[in-house]
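Contents: one structure, followed by commentary.
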Amino acid sequence: MMKHFLSVSDVPDISKLIAKAKAFKGSPSKDSILGAGTRIGLIFLNPSLRTRISTQLAARNLGIEPIVFDIGQNGWQLELEDGAVMNGSSVEHIRDAAPVLGSYFDIIGIRSFPTLSNRDADNEERLLHQLVKYADVPIVNLESATLHPLQSLADLLSISEHWNFERKPKIVLTWAPHIKPLPQCVANSFSQWVNAWNKAEFVIAHPPGYALDRRFTEGATIVEVQEEALRDADFVYVKNWSAYEDYGAMPTVNGDWCLTPDKLLQTRNARVMHCLPVRRNVELSDAILDGSSSLITEQAANRVWATQAVLHEILQNLTD
């Protein structure tokens, strides 16, 4: 049973969770009264489209009442430091806010964002872990400084729907260009889940200077030549991230890393994935995004069923 959903480490059996998500996709109203009388608080510290909407839909499918709260617009700035003298901009301490939220809600989902300036602070995931400590209710990671597990579960669901597993698929995570530095959380999380799933040959391609934290990539083959990685690929996941070692930086990149149809010719008619939002013709070409190889809309739709499976697991734990 699942008490919290912070990372893949909270999942006893990935394949069973994917199967549960598939079952909900086929029958969304299955167990529609399991969550009757329960509330989930969805706390957002940064913008969201797919996570916000898909989580509300998933909750309602199970009879859970979702309540959305935007800290940046509607709440006080939170203080996270223990022993802080609160004579600055922070108005409310997490040690005070979290128990109150725990008294209002049966489950709390939290979405935060890294600073991309203080690597140690981001890696600590202090907000997430202090909610777990002080709220005393199940916590769902709606994206954090280092991970995005709901996205990763939807990604594996999407892959499993397009592969029969008569052989291991070759899955490639490839870095893509962007106009600004982005966090590593989606790439970290996808790497962690694919490695834990252990049903694929997994390759990560990135330019020099863009290596991810080895905590999340251990088990993957890592190359710095995109064409080498794409050869014979079955799935290509495209995502930008900023540097981890030179934290938050955007080292100069030689060559063109934008994925185009020409590059896909060396794959095994690979299906292309991206978590969205996507910078068209920067990360991916229009031809791919609008073509038959794209799984991107399907990935986004699968966010509902992935989240519903997770919430169902948590509800079962609450009621047992």
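Counting only protein heavy atoms and a 1.4 Å probe, tell me what percentage of the chain's accessible area is made up of carbon and sulfur.
On the way: 6790 of 13790 Å².
Within the chain, the accessible surface is 49 percent carbon and sulfur.
Past 21 Å, Cα to Cα, is the threshold; run LYS22/LYS199; LYS133/LYS239; LYS30/LYS199; LYS20/LYS170; LYS16/LYS199 against it and keep the listed order.
Values: LYS22/LYS199 18 Å; LYS133/LYS239 32 Å; LYS30/LYS199 28 Å; LYS20/LYS170 24 Å; LYS16/LYS199 14 Å.
Listed pairs above 21 Å: LYS133/LYS239; LYS30/LYS199; LYS20/LYS170.
Round to the nearest 10 and report in Å² the accessible area of ASP286, as given by a 1.4 Å probe over the protein chains' heavy atoms.
60
Write out the GluC sites (Glu not before Pro) in segment 197-304 meeting two conditions: DSSP loop, and at most 12 other Cβ atoms within 10 Å of their Cβ.
Values: sites: GLU201, GLU218, GLU224, GLU227, GLU228, GLU245, GLU283, GLU298; in loops: GLU218, GLU224, GLU245, GLU283.
Listed in order of number, the matching sites are GLU218, GLU245.
Can you work out the accessible area per residue across the chain, with the rest of the protein chains kept in place, probe 1.4 Å, in square angstrom? Could the numbers behind the result be given before it?
On the way: 13790 Å² over 320 residues.
Ligands and nucleic acids excluded, the figure is 43 Å² per residue.
Estimate the FRET efficiency between ASP320 and ALA84 by the formula 1/(1 + (r/R0)^6), using the beta-carbon distance for r and 35 Å for R0, to the nearest 0.05.
Working: r = 38 Å, r/R0 = 1.09.
Computed FRET efficiency for ASP320 and ALA84 comes out at 0.40.
Give a quick list of chymotrypsin sites (Phe, Trp or Tyr not before Pro) in segment 17-126 that DSSP marks as loop, anything other than H, G, I, E or B, with at most 14 other Cβ atoms within 10 Å.
On the way: sites: PHE24, PHE44, PHE69, TRP76, TYR104, PHE105; in loops: TRP76, PHE105.
Here the chymotrypsin sites (Phe, Trp or Tyr not before Pro) that fit, given the DSSP loop and packing criteria, are TRP76.
In nm, to one decimal, how far is the HIS178 label point from the ASP120 one, both placed 7 Å along Cα→Cβ?
Taking the two extended label points, one gets 2.5 nm.
What size of dipole, in debye to the nearest 20, comes out for segment 272-320 about its Cα centre when the only charges are +1 on Lys and Arg C-beta atoms and -1 on Asp and Glu C-beta atoms? Walk me through the numbers before you get to the answer.
Details: 3 positive and 6 negative charges, 31 e Å.
With Lys and Arg at +1 and Asp and Glu at -1, about 160 debye.
What figure in square angstrom, to the nearest 10, would you give for the accessible area of VAL253 with a 1.4 Å probe?
Taking all protein chains as shown, VAL253 has close to 40 Å².
Check the straight Cα-Cα distances from LYS263 and name the aspartates and glutamates below 20 Å, setting aside those fewer than 8 residues away within the same chain.
Once the sequence-local aspartates and glutamates are set aside, what remains near LYS263 is GLU201, GLU224, GLU227, GLU228, ASP232, ASP234, GLU283, ASP286, ASP290.
Dipole size in debye (nearest 20) for segment 72-160 around its Cα centre, Lys and Arg Cβ +1, Asp and Glu Cβ -1? Mind dumping the intermediate values first?
On the way: 5 positive and 13 negative charges, 25 e Å.
Charge dipole, segment 72-160, about its Cα centre: 120 debye, nearest 20.
Sequence gap at least 6, Cα distance under 8 Å: using those rules, report the relative contact order of the chain to the nearest whole percent. Could you put the intermediate results ahead of the total?
Numbers: 624 pairs, mean separation 66.1, N = 320.
With pairs under 8 Å counted, the relative contact order is 21 percent.
Within segment 86-176, list the GluC sites (Glu not before Pro) lying in a DSSP loop whose Cβ has at most 12 other Cβ atoms in a 10 Å radius.
Numbers: sites: GLU92, GLU124, GLU125, GLU143, GLU161, GLU166; in loops: GLU125, GLU143, GLU161, GLU166.
Sparse-neighbourhood loop GluC sites (Glu not before Pro): GLU166.
The values are calculated or read from the model by the stated rules, or taken from the named source; none is laboratory data. Model, not experiment: these values are computed from the prediction. Here the Cβ is made from the backbone with ideal geometry for all residues, glycine too, and neighbour counts use every protein chain on show. These accessible areas exclude ligands, DNA and RNA; they are computed on the full protein's heavy atoms, side chains included. Shrake-Rupley method; radii C 1.70, N 1.55, O 1.52, S 1.80 Å.
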